[in-house]
Amino acid sequence: MNIYKSLNEITDYIDKSLEEEISYKVLAKMLGANVYTMHRLFTMIAGISLSEYIRKRRLSNAGYDLYEGNLKVIDVAFKYQYDNATSFSRAFEKFHGIKPSLVNKETKLKNFPRIVFNEDINLTTELDYEIIELDEINLYGVGITTNNDEIGECAPLFFRQTEDKYLNKYGEVKYGMITYDIDREECRKYYCLYDKKIIEFEHIKIPKCKWLRFRINSQNAKDIQEISHKFYREFLPSVKYNLKELPELEYYHDDITDFLVAID
């Protein structure tokens, strides 16, 4: 399967369905993956979350409709799946920089084009991995709120701060963990965790499941981030594993890091 051809089919389908409710299950089926995997792949490869992409394409088209036609704002709002004119007007002004009621032939509007992927890209990166099954893991630690843009810098900084603060009391941090929001499109929190019970910390229980394990001969943040990027942009598009809705884990031990991704 050419993942980029499938992604082009998805963006083509989206463009033809902007005036309708778009089913994520239908998009996932086009990709041959579950909904969670589809979201993660699209976000990492396109550089924008799927919901944000759909929102911007709708607002782009809405601007054209108001510029070219003599349409009421409420009608355009409903056309592009907004529940009311207020929420549409707020989103429209944030995107275009002008209230939809003020659009005229002199207005400069923003266009967000359909994403078209290069179908000739060859995925040739080799990554050694194992499939392992781990029993339930009980972890204790602290976390910070983050997002896709900030995690590359804030996670290593938070790790150093946490280990400096608790090293004498609890020893070395054993796990790093990334959670995602309910829409599966944005990093939500990064945690530093210990594999022993610590009353003052949050308790996180990871259920028994299968994991893809990528072993990194380093505990350097840049090396870990490089494997993470390769996993989403090169490894996952070339295989047929479905991701499970669990956090990603980084297990630090013996001067190495195990990058762990849960699969169904």
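Rule-based calculations on the coordinates, nothing more; no lab input. Being a predicted model, the structure only gives us computed values, none of them experimental. As a convention, Cβ positions derive from the backbone with ideal geometry for all residues, glycine included, and neighbour counts pool all protein chains shown.
The lysines within cross-link reach of K174, meaning a Cα-to-Cα straight distance under 26 Å and a gap of 8 or more places when in the same chain, are K165, K189, K196, K197, K205, K208, K210, K222, K230, K244. Calculated mean residue ellipticity at 222 nm for the chain: -12000 deg cm²/dmol, from DSSP H runs with n ≥ 4 weighted as -39500 (n - 2.57), summed, divided by the residue count and rounded to 500. Summing charges over all other residues whose Cβ lies under 12 Å from the Cβ of N61, with Lys and Arg as +1 and Asp and Glu as -1, gives +4. Note that the stretch 151-264 carries a Kirkwood radius of 15.0 Å, evaluated over its alpha carbons pair by pair.
In the chain, the convex hull through the Cα atoms has an average projected area of 16.5 nm², a quarter of its surface area. Look at the alpha carbon pairs under 8 Å that are at least 6 residues apart: their mean separation over the length of the chain gives a relative contact order of 21 percent. For the chain, excluding the exposed loop sites themselves (trypsin sites (Lys or Arg not before Pro), DSSP loop, at most 14 other Cβ atoms within 10 Å), the longest remaining stretch covers 115-195. For the stretch 130-263, averaging the sequence separation of C-alpha pairs within contact (under 8 Å, six or more residues apart) and dividing by the residue count gives a relative contact order of 32 percent. Here the simple spin-label model places points 7 Å from the Cα toward Cβ, and for L167 and I144 these points are separated by 1.8 nm.
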